[in-house]
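Step one of this worksheet: look at the structure below.
Just so you know, all these numbers are worked out from the coordinates, no wet-lab data involved. Just so we're clear, the structure is a prediction, and the values are computed from it rather than from any experiment. In this analysis, Cβ positions are derived from the backbone assuming ideal geometry, glycine residues included, and neighbour counts consider all displayed protein chains.
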Amino acid sequence: MGGYVCRRLISAIGVMAVVGVFIFLLLRLVPGDAAAMMAGNNATPQEVAGIREQLGLNEPLTVQFVQWALGILSGNLGSSIFAGLPVLTLVSQRIEPTISLSILTMIVSVTGGICFGIFAAWRAGGFVDRMLTAFSAVGYSVPVFVVGYFLTYCFSLGTRWLPVQGYVSIGQGLAPWFVHLVLPTVALSLSYIAFIARITRASMLEVLSEDYMRTAAAKGASTYAMLFHYALKNAAAPILTVIGLSFAYLIGGVVITETVFNLPGIGRLVVDAINNRDYPVIQGVLILVSGLYVLINLAVDLAYRLVDPRIRY
Amino acid sequence: MVFTGGGVLALVIVMALFAPMYVRDPMNMDPFKTLQPPSAAMWFGTDNLGRDVFARTVFGARLSLTVGLMVVASTALSGLLIGVIAGYHRGFDSIIMRVMDGLMSIPTILLAMALVSLAGSGLSILIVAITIPQIPSTARLVRSVVLSVRERPYVEAALCGGARAPKVLWRHILPNTIPALMVQSANICASAILTEAGLSFLGAGVSPEIPSLGNMISSSRLYLGLAPLTVFAPGVWLAVTVLAVNLLGDGLRDLFDPRLKRRR
């Protein structure tokens, strides 16, 4: 186990190094002068030169990379050209809506997806199962902004049950915070529920046809015990993998959902940074988010052993 | 599923292909006829600048489909090349796969947005930006097929018979990757169309006056309450197109791998 954790950690560090090199090269190799792009159309050559100096674009490529990498390792992701603040400060100002939305979405889609998948597998070919097929076809095909505006139209503009958009900090009360997050969470969860439910169903179906499930049924185990105690535990590994993977898609979904519902989160930060061509912010957030993704998948890999003690590394 | 998906997709493609022949100019603005309800002349009404929403939707679908097909072609080619090299050549395998792992951990839409913002908006840049994040999963898929196929007796026999590696790859290994690649292509196409719409929605796609399903929704969202069709027409069109592509992909998978069909 110890050896496996070490090897897995080393490979995660390797992946992060690749991510770092890639994101770094992105700025330098893309056609067009990044400094001129950032300065805008009306900039004087002096201003462009100033930005180039500020970004350190006049140094040799290797020197730039080493400086940048050392900065990241010491926790310095650079500073925004536009706001003048360090990227980490900007991120920490905007993290609350994003974390709230991501956690709520994960809770809703994991519980919803697993329950939906279990019932579909339990009565394969039945009503719930066919519902799942239809639901996942829709969940995979309708983009989150279309769902979002549809929900807004029905529940905010039509019935006025829920606020149209905006965010209220959790510090100002749990109820207003929750009310503002209901529609974004539902809109974003749909495709993840479909995704997780499909995998849960396939994984459960495989386990349900095992000999030991028949044995459990023969000795009179209750349906609940069979599904949740015996089957779900054995079917857990692929489900966990999917949950880890769906985190990567979640980030993209969060960016769009925050735009639809006007939540002042990381997604808005990136979109604004991209519109202002504030490259240090784009670069910093990309590194942070990719790092988080690598960490979560590392955690998922290590969690396999917790759900399935038969797995030996 | 193949027929439903293929049929709907064919209809969407035909409508998009012949768009200039039967709809009005999607760029034409009429300041006196903004946010009109649907009428016989303008089936989906007009948007906030008085442009024909139906014409823009059909032209937007044209762009979506172009992007989808171009991304499929470029992803399939590069994924095939990288996957075959990684699968056949043990030496490159671990390096290539680590690079692919790294690329996979950068969120698709953020990566594409960053590329577009730096390289400037344009159709070819958009296609490259959507293709790059798609490559790792395709390369992985091709590699896994190559890894299993190259151990088969007929590959060994061909090598023993004196065939050179390129010929073995071309004649015996490549054809085996085609079924998996076709199913994957449908997935790529669907996700490319969705990514393009997402990018345009966020303002990182083609320039705003060119109709795209994403930027139509983005520019009409303030009028959701007044003229819901300006948002829902492109939205539903987009969803139906993606649904058709997905159904076609599912159908193809059942066709190539009947074992899966029984289980589902």
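Only four residue types carry charge here, +1 at the Cβ of Lys and Arg and -1 at the Cβ of Asp and Glu. Report the dipole size of chain A about the Cα centre in Debye, rounded to the nearest 20.
Dipole size: approximately 960 debye.
When only alpha-carbon atoms count, how far does the range A:82-181 stretch along each of its three principal axes, as whole angstroms with the largest first?
In descending order, the Cα extents are 58, 33, 28 Å.
Can you find, among A:Tyr224, A:Thr259, A:Tyr279, the residue farthest towards the positive end of the dipole of the range A:192-313? Put +1 on the C-beta of Lys and Arg, -1 on that of Asp and Glu.
Among A:Tyr224, A:Thr259, A:Tyr279, the one farthest towards the positive end of the dipole of the range A:192-313 is A:Tyr224.
Multiply the residue separation of B:Phe32 and B:Trp170 by 0.36 nm, subtract the distance between their alpha-carbon atoms, and state the gained length in nm to one decimal.
Working: separation 138, 0.36 × 138 = 49.68 nm, distance 6.17 nm.
Computed gain between B:Phe32 and B:Trp170 is 43.5 nm.
Counting each DSSP H run of 4 or more residues in the protein assembly as shown as -39500 (n - 2.57), what helix-only mean residue ellipticity at 222 nm follows after dividing by all residues, to the nearest 500 deg cm²/dmol? Don't skip to the end; give the middle numbers.
Working: 24 runs with 416 residues, N = 577.
Calculated from helices alone, the mean residue ellipticity at 222 nm is -24500 deg cm²/dmol.
Averaged over all directions, how much area does the convex hull of the C-alpha atoms of the protein assembly as shown cover when projected, in nm²?
Details: hull surface 126.8 nm².
Taking the Cα atoms of the protein assembly as shown, their convex hull projects to 31.7 nm² on average.
Placing unit charges on C-beta atoms (Lys and Arg positive, Asp and Glu negative, everything else neutral), compute the dipole magnitude of the range A:1-89 about its Cα centre in debye, rounded to 20. Each step should come with its number before you reach the end.
Working: 4 positive and 4 negative charges, 93 e Å.
Computed charge dipole of the range A:1-89: roughly 440 debye.
For A:Cys154 and A:Ile107, what does the FRET efficiency come to when R0 = 22 Å and r is the distance between their Cβ atoms, rounded to the nearest 0.05?
Working: r = 23 Å, r/R0 = 1.05.
Given R0 = 22 Å and the Cβ-Cβ separation, E is 0.45.
Of the residues A:Tyr153, A:Tyr293, A:Tyr224, which exhibits the maximal mean-square fluctuation in a Gaussian network model of chain A defined by a 10 Å Cα contact cut-off?
A:Tyr224
Report the far tail of the P(r) of the range A:2-73, meaning the percent of Cα-Cα pairs longer than 16 Å.
Details: 1536 of 2556 pairs.
Summing the P(r) of the range A:2-73 above 16 Å gives 60 percent of all pairs.
Starting from the Cα gyration tensor of chain A, take the square roots of the eigenvalues, sort them a ≥ b ≥ c, and report rounded, prolate or oblate (rounded when a/c is under 1.5, otherwise prolate if a/b is larger than b/c, else oblate). It would help to have the intermediate numbers written out before the result.
Details: a/c = 2.78, a/b = 1.58, b/c = 1.76.
Oblate is the answer for chain A, as a/c is 1.5 or above yet b/c matches or exceeds a/b.
Could you work out which residue, out of B:Val168, B:Val236, B:Val71, moves most in a Gaussian network model of chain B, that is, has the largest mean-square fluctuation with Cα springs under 10 Å?
Of the options given, B:Val168 has the highest mean-square fluctuation.
In terms of the Cα gyration tensor, with a ≥ b ≥ c the square roots of its eigenvalues, is the range A:261-305 rounded because a/c is under 1.5, prolate because a/b exceeds b/c, or oblate? Don't skip to the end; give the middle numbers.
Values: a/c = 6.07, a/b = 2.19, b/c = 2.77.
Oblate, because a/c is 1.5 or more while a/b does not exceed b/c.
Residues of A:8-20, mean number of Cβ from any other protein chain within 10 Å of their own Cβ, rounded to a whole number?
Working: counts 0, 0, 0, 3, 2, 0, 5, 8, 3, 2, 10, 7, 1.
Mean partner shielding for this stretch: 3.
Between A:Asp211 and B:Ser207, what FRET efficiency comes out of the Förster formula 1/(1 + (r/R0)^6) with R0 = 41 Å and r the beta carbon distance, rounded to 0.05? Can you show the working numbers first?
On the way: r = 62 Å, r/R0 = 1.51.
Efficiency at R0 = 41 Å is approximately 0.10.
Determine the shape class of chain B: with a ≥ b ≥ c the square roots of the Cα gyration tensor eigenvalues, call it rounded for a/c under 1.5, and otherwise prolate if a/b is greater than b/c, oblate otherwise.
Details: a/c = 3.03, a/b = 2.08, b/c = 1.46.
Verdict is prolate for chain B.
Treating the beta-carbon of each Lys and Arg as +1 and of each Asp and Glu as -1, no other charges, what is the dipole magnitude of chain B about its Cα centre, to the nearest 20 debye?
The calculated dipole for chain B is roughly 900 debye.
Given the C-alpha centroids of the range B:1-52 and the range A:272-313, what is the distance between them in whole angstrom?
With the range B:1-52 and the range A:272-313 each reduced to a Cα centre, they are spaced 41 Å.
Using the Karplus equation 6.51 cos²θ - 1.76 cosθ + 1.60 (θ = phi - 60°), what ³J(HN,Hα) coupling, rounded to whole Hz, does each residue of the range B:243-255 give in order, writing x for Gly and Pro?
For the range B:243-255, the Karplus-derived couplings read 4, 4, 5, 5, 4, 4, x, 4, x, 4, 5, 4, 5 Hz, x marking Gly and Pro.
Compare A:Gln67, A:Gln165, A:Gln283 in a GNM of chain A, Cα atoms joined below 10 Å, and give the one with the largest fluctuation.
A:Gln67
Projecting each Cα onto the charge dipole of the range A:2-73 (Lys/Arg +1, Asp/Glu -1 at the beta carbon, about the Cα centre), which of A:Val63, A:Ala12, A:Leu73 comes out farthest on the positive side?
A:Ala12
Quick check: residue separation of A:Ala134 and A:Lys233 times 0.36 nm, minus the Cα distance between them. What number comes out in nm?
33.0 nm
Starting from the amide H of A:Ser79, placed 1.01 Å from N in the peptide plane, find each other amide H under 5 Å away whose residue is 5 or more places distant or on another chain.
Here the answer is A:Val87, since their amide H atoms fall under 5 Å of that of A:Ser79.
How many angstrom separate the Cα center of the range A:123-195 from the Cα center of the range B:193-225?
Taking the Cα centre of the range B:193-225 as reference, the centre of the range A:123-195 is 21 Å away.
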